[in-house]
Amino acid sequence: MIDVAHDGSSRLLAVRDEDPQRAWDPLGEWWPETYPGVIGVHDRRAGGAWLAADPNSGRLAVLLNRADVLELADTETLSRGSLALESVAGRSPEGPQRMHGFNLLEVWADGARVLSWDGVDLREMPIDAGVHMIAHDDLDDPETPRIARWLPEFAARADASTTDEEWWHPWVSLLGDSARLNPEDDRAIIRDNRPHGYPTLSLLYAVAEVSPTGVTVHDRALTRPGHWD
């Protein structure tokens with residue numbers, strides 16, 4: 001979920017689904033030599049990040065997997081884990097990629113956009129002011145059950161949110177409400193994807209704010225993967 005305002009600020013709530021057996025580290029400065037000052041949630045296996053932010057440059061990026069028609073074998077593809085890190089360093093992907101499909105959400109003080117790669121085309125979609133959701137297809141995709149079910153309610157909660165330091169409370173509260181659904185339900189946000197053929201469960205969520213004065217990010221791991229605390 002991302003709320004893009006007219007005043008050059010954006011607020012975001014992101015949920016991470018991953019294999020619980022894949023080791024990771026919480027938000028921190030895990031790349032002091034290659035990306036000094038950058039913070040992110042660290043994937044120990046590939047060394048990259050699904051979420052990264054550079055408070056100095058005021059940039060944030062979130063990576064989501066996307067289906068593709070890439071004909072390269074897995075041994076010939078590059079890891080997508082560098083995308084968010086490169087993005088906040090000012091190096092967004094360009095042209096064809098030797099990677100499996102992705103949606104890369106990029107946020108900075110002047111705006112936000114999604115870069116989508118499906119194995120053939122790299123498309124750019126600017127994000128207009130307002131509340132939006134994205135998963136593994138297009139932005140605000142009405143065919144994605146969780147977006148169709150929850151986007152209107154997240155938009156309503158954004159309108160009701162406060163401007164204090166805990167602005168995310170209405171969104172996190174709604175995230176908890178959504179967890180009343182079975183985690184295998186297509187409409188669920190806190191998910192157990194194993195019945196759908198993927199070994200991934202929701203592991204954590206993060207909230208972030210990008211404004212002309214900088215970037216703030218907070219993350220919290222779920223006590224049990226795929227289950228709300």
Checklist entry - Are any of the residues in the stretch 84-92 at pLDDT 95 or above, surrounded by fewer than 22 Cβ atoms within 10 Å (Cβ to Cβ) and assigned to a strand (DSSP E or B)? => result no
So for the stretch 26-42 (the condition being part of a loop (DSSP other than H, G, I, E, B), modelled with pLDDT under 95 and not polar (S, T, N, Q)), does at least one residue qualify? no
Over the stretch 120-137, the set of residues touching a residue at least 40 places away in the same chain (Cβ under 8 Å) and part of a strand (DSSP E or B) is Gly130, Val131, His132
Note to self: Considering only the stretch 70-83, I want to know if a residue exists there that is under 26 Å from Arg11 (Cα atoms), among the aliphatic types (A, V, I, L, M), under 19 Å from the mean Cα position of the chain (by Cα) and part of a strand (DSSP E or B).
What the structure shows: no
Q. With respect to Pro170, is the statement that it is touching a helix residue (DSSP H, G or I) at 6+ places or on another chain (Cβ under 8 Å) and either surrounded by fewer than 20 Cβ atoms within 10 Å (Cβ to Cβ) or modelled with pLDDT of 95 or more (or both) true?
A. yes
In the stretch 198-229, anything surrounded by 14 or more Cβ atoms within 10 Å (Cβ to Cβ), closer than 18 Å to Arg180 by Cβ and more than 13 Å from the chain's Cα centre (by Cα) is listed as Leu201, Leu222, Pro225, Gly226, Trp228
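Identify, from the list Arg149, Arg157, the residue that is charged (D, E, K, R), closer than 19 Å to Met133 by Cα and either in contact with a Gly (Cβ under 7 Å, 6 or more places away or on another chain) or at pLDDT 95 or above (or both).
Sole residue among the options that is charged (D, E, K, R), closer than 19 Å to Met133 by Cα and either in contact with a Gly (Cβ under 7 Å, 6 or more places away or on another chain) or at pLDDT 95 or above (or both): Arg149.
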Those residues of the stretch 1-48 that are more than 22 Å from Tyr198 (Cβ to Cβ), in contact with a strand residue (DSSP E or B) (Cβ under 7 Å, 6 or more places away or on another chain) and either among the aliphatic types (A, V, I, L, M) or without any contact (Cβ under 8 Å) to a residue 12 or more places away in the chain (or both) come to a total of 7
* Would you call Val210 closer than 15 Å to Arg11 by Cα and outside any helix (DSSP H, G or I)? -> yes
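Conditions (1) modelled with pLDDT of 95 or more; (2) within 19 Å of Ile2 (Cα to Cα); (3) small (Gly, Ala, Ser), marked per residue:
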{"site": "His132", "(1), (2), (3)": "yes, yes, no"}
{"site": "Glu184", "(1), (2), (3)": "no, no, no"}
{"site": "Ile189", "(1), (2), (3)": "yes, yes, no"}
{"site": "Tyr198", "(1), (2), (3)": "no, no, no"}
{"site": "Val217", "(1), (2), (3)": "yes, yes, no"}
{"site": "Ala221", "(1), (2), (3)": "yes, no, yes"}
{"site": "Asp229", "(1), (2), (3)": "no, no, no"}
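Give the residue that is surrounded by the most Cβ atoms within 10 Å (Cβ to Cβ), with candidates limited to residues of the stretch 43-69 that are outside any strand (DSSP E or B) and of a type in the set (Lys, Arg).
From the stretch 43-69, those outside any strand (DSSP E or B) are 44-48, 55-58, 66-69; that's our starting set.
In the following step, the residues that additionally are of a type in the set (Lys, Arg) were identified as 44-45, 66.
Details: Arg44: 11, Arg45: 11, Arg66: 20.
Among those residues, the one meeting the criterion is Arg66.
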Looking across the stretch 93-119 at residues that are assigned to a strand (DSSP E or B) and over 14 Å from the mean Cα position of the chain (by Cα), the single one that is surrounded by the fewest Cβ atoms within 10 Å (Cβ to Cβ) is Gly111
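The values are calculated or read from the model by the stated rules, or taken from the named source; none is laboratory data. Remember, it's a predicted structure, so these values are computed and weren't measured experimentally. Ideal geometry is used to build each Cβ from the backbone, glycine not excepted, and the neighbour counts take in all protein chains shown.
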